[in-house]
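What follows is a short report on a single structure.
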Amino acid sequence: MKHSAFLTVLAAVSATAALAAPVQAQTQALTRAQTQAAAQSAFMTQLNALCGQRFEGRVVTTDAADADFASQRLLMHVRDCSADEVRIPFWVGEDHSRTWVISRNGAGGLTLKHDHRDPDGTEHTLHWYGGDTTSEGSAERQDFPVDQFSIDLFNANNASVSTTNVWAVEVHPGQIFAYELRRANRHFRVEFDLTQPAKD
């Protein structure tokens, strides 16, 4: 009789644990989603706080491929801002062809895209490439591994070296804004001084 009662109790405990496991998993997933949403909302808020301002920057990495960039005046202009999207034109000297677009996506994360135009305003061959966040990041930094659209675009246009790109954007209020690109044997980073908005 005692053995039978023990088995009954054991079965009940096992059933309770089995029922609790999915609930616990759902709770953990919800907590992760809430943490991600909070960090990324704070990041977008910090971007929006810069809206309407322009800042000068400089290349802080030493890759020889970036020598031309490093010799130019680099200027970013935070504009066209909302809670869901911020557009940031990035000027390299007289080249005004690039705009960074950071937006919320349908998967609950953030997306970085590069709006790249020819001088006449038409879309460049390599246009709208970028990536999506795969983690919550922080209020100061978000990472964007290359997305499938961009991989296909790069492969179709002799730019397969870029199919492992990871971009990052950082906002350190009152200090710097940074844009970064990394892949094997490649590191490009430009930092913009947020302490002195550009006047012209």
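What the table below lists for this structure:
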quantity	calculated
Gln40 part of a helix (DSSP H, G or I), of a type outside the set (Val, Ile, Thr), surrounded by 12 or more Cβ atoms within 10 Å (Cβ to Cβ) and at pLDDT 95 or above	yes
Enumeration of residues in segment 66-111 that are more than 22 Å from Cys51 (Cβ to Cβ), free of Cβ contacts under 8 Å to residues at least 60 places away in the same chain and exposed (fewer than 13 other Cβ atoms within 10 Å of the Cβ)	Ala67, Asp68, Ser71, Gly93, Glu94, Asp95, Gly106, Ala107
Among the candidates Pro119, Pro145, Pro89, residue that is farther than 18 Å from Val59 by Cβ, within 19 Å of the chain's Cα centre (by Cα) and of a type outside the set (Lys, Arg)	Pro145
Boolean, Ala139 is small (Gly, Ala, Ser) and under 15 Å from Arg189 (Cβ atoms)	no
Among (1) under 16 Å from the mean Cα position of the chain (by Cα); (2) of a type in the set (A, V, I, L, M); (3) not in a loop (DSSP other than H, G, I, E, B), the one test that Met76 misses	(1)
Set Leu181, Leu126, Leu153: member being surrounded by 14 or more Cβ atoms within 10 Å (Cβ to Cβ) and within 27 Å of Leu50 (Cα to Cα)	Leu181
Where a residue in segment 170-189 is closer than 20 Å to Leu110 by Cα and its partner, wherever it lies, is polar (S, T, N, Q) and in a strand (DSSP E or B), with Cβ under 7 Å and at least six apart	none
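Here's the yes/no breakdown for (1) out of contact with any Ser or Thr (no Cβ under 7 Å at 6 or more places or on another chain); (2) charged (D, E, K, R):
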position: Arg58; (1), (2): yes, yes
position: Asp63; (1), (2): yes, yes
position: Ser71; (1), (2): yes, no
position: Leu75; (1), (2): yes, no
position: Ser82; (1), (2): yes, no
position: Ile88; (1), (2): no, no
position: Gly93; (1), (2): yes, no
position: Thr99; (1), (2): yes, no
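The values are calculated or read from the model by the stated rules, or taken from the named source; none is laboratory data. The shown structure was predicted, so the numbers you read here are calculated from the model rather than taken from an experiment. All Cβ positions, even for glycine, are placed from backbone atoms using ideal geometry, and neighbour counts span all protein chains on display.
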